[in-house]
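> This is the structure I have questions about; it appears just below.
Just so you know, all these numbers are worked out from the coordinates, no wet-lab data involved. Note that the structure is a prediction, hence the values are computed from the model and not measured. Please note: Cβ atoms are built from the backbone with ideal geometry, for glycine as well, and neighbour counts cover all protein chains shown.
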Amino acid sequence: MGKISLMCLALLFVILSAGSAHAVSIGISPADIGFEDLLKGGYAEKTIAVSTSSETYVNFAMSAQGDIKDWIEFEPSEGAISRASMKRVTVIVRPPGNVANGLYGGSVVVSAEPQEAGGDGVGVGVATGAAAGISIEITGEEIKKASVESVNVKDTEEGYPVEFSVSVTNEGNVIIKPLIEIEVREKGETEVLKSVTHGQTDVLPTKMSIIRVRMETDDLDLGEYEGEVKVFLDGELLSENTVYFHVLERGTLSKMGILQKVWNEPWVNVGDVVRIDAYFENTGELVVAGKFKGEIYLGERLVEISESEELEVDVGKTVVMSSYFSPEETGKYVVRGRVVYGGKTTETKESYINVNPEGSPLPEDTNQLALLISAVVVVLIIVILLKRRLK
């Protein structure tokens, strides 16, 4: 084998290996995470930011070290980040019920795991990481404390409920159930037309929760109203706010939604049950109820109609509408579906299902192919160099 062949092999190796290893740094913010007055057997959480200097996406994994490592959970515990896309991770602490009072310490560790070549062929070849200190103070004293961050309400249409939202932060160390009382009057009037109370929502320690309270408006005329919203904790008044809303004619507010994507496992076998997930976002001004309706084709032949259950979707929220399909023959299936909501339909989205014979092994990850070829090329280069040296 001549010099040209050797150069070709070396060039091929360089191309296949390009981007497979590059130095990156990983960061955690804040560098010190402290939990105070945590109750035995209790709960607490804080959010940290995980970032990297890498221009391309790298995988990361979270872990804890020290005596408190078994108390710690992460949401999410792993994921992908880049310089332009950091990730917020919730650090959750659940100490055991029999732990002694005192101060405990450890560390939260994030590591960049080697990323297999994906669509851009880039990965991290050398693992790197960072750590933040964590301290946890355990107490036997129960603390009940909360604050109300905001109270809001949105306009509604006749025949639709009006929804109040109350944001409550639990600043203590035990689970609380705030009591919310709402009285509705015509704007500027004193007579109470409707009232509602809500006290069933748990708020975990250190957590901020948005409590939504709905009130029917069937017996309210068109017009402007005010709602007096009071929030109590164990009889103590935390907050009192007056908010305003309109009951409008039907058709005034928009009903809008987007089918973001339809997703399913791409490779299955005959007889497997395939879950088809449709991601629907309510981008309008009213709560809507909707369901996914899909048509499943094998070639040009319609094989099955797939429908999800009807789900109620709050304004600004995204829900997953799931339906199921079990293929009876091999081939490449196409799922074409849309979401029907409030008398409207979204644009159609597609997904694909590749079905193999029953009992067939599913395709392995083909990302290892480039690594295998690189290894073969390396061995060939070494053999050629050794032969040349022995001549």
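> Determine ³J(HN,Hα), in whole Hz, for all residues of the stretch 250-264 in sequence, where each value follows from phi through the Karplus function 6.51 cos²θ - 1.76 cosθ + 1.60 and θ = phi - 60°; x replaces Gly and Pro.
4, x, 6, 8, 8, 10, 9, x, 10, 8, 6, 6, 10, 10, 7
> Where does each of 317, 255 land when they are ranked from fewest to most other beta-carbon atoms within 10 angstrom?
317, 255
> Sticking with this one: Go ahead and run the numbers for FRET between residue 272 and residue 189, Cβ-Cβ distance against an R0 of 51 Å, rounding to 0.05.
0.25
> Would you mind classifying the stretch 251-342 by shape? Square roots of the alpha carbon gyration tensor eigenvalues, ordered a ≥ b ≥ c; an a/c under 1.5 is rounded, otherwise it is prolate if a/b is larger than b/c and oblate if not.
prolate
> Take every DSSP beta bridge with both residues inside the stretch 116-271 and express the antiparallel ones as a percent of the total, to the nearest 5.
The answer is about 95 percent antiparallel.
> If each of residue 320 and residue 352 carries a label point 7 Å out from its Cα toward its Cβ, how far apart are those two points in nm?
Rounded to a tenth, the inter-label distance reads 2.3 nm.
> For the stretch 257-356, with the dipole built from +1 on Lys and Arg beta-carbon atoms and -1 on Asp and Glu ones, taken about the Cα centre, which of 351, 287, 324 lies farthest toward the positive end?
Result: 351.
> The stretch 215-320: which GluC sites (Glu not before Pro) are DSSP loop and have at most 10 other beta-carbon atoms within 10 angstrom?
Here the GluC sites (Glu not before Pro) that fit, given the DSSP loop and packing criteria, are 249, 300, 309.
> Straight-line reach from residue 187: which lysines have a Cα under 23 Å away, not including same-chain ones fewer than 8 places off?
Candidates past the 8-residue exclusion: 154, 230.
> Sticking with this structure for a sec: Which cross-chain or sequence-distant (5 or more) residues have an amide H under 5 Å from the amide H of residue 295, H modelled 1.01 Å from N in plane?
Placed amide hydrogens put 306, 336, 337 under 5 Å from residue 295.
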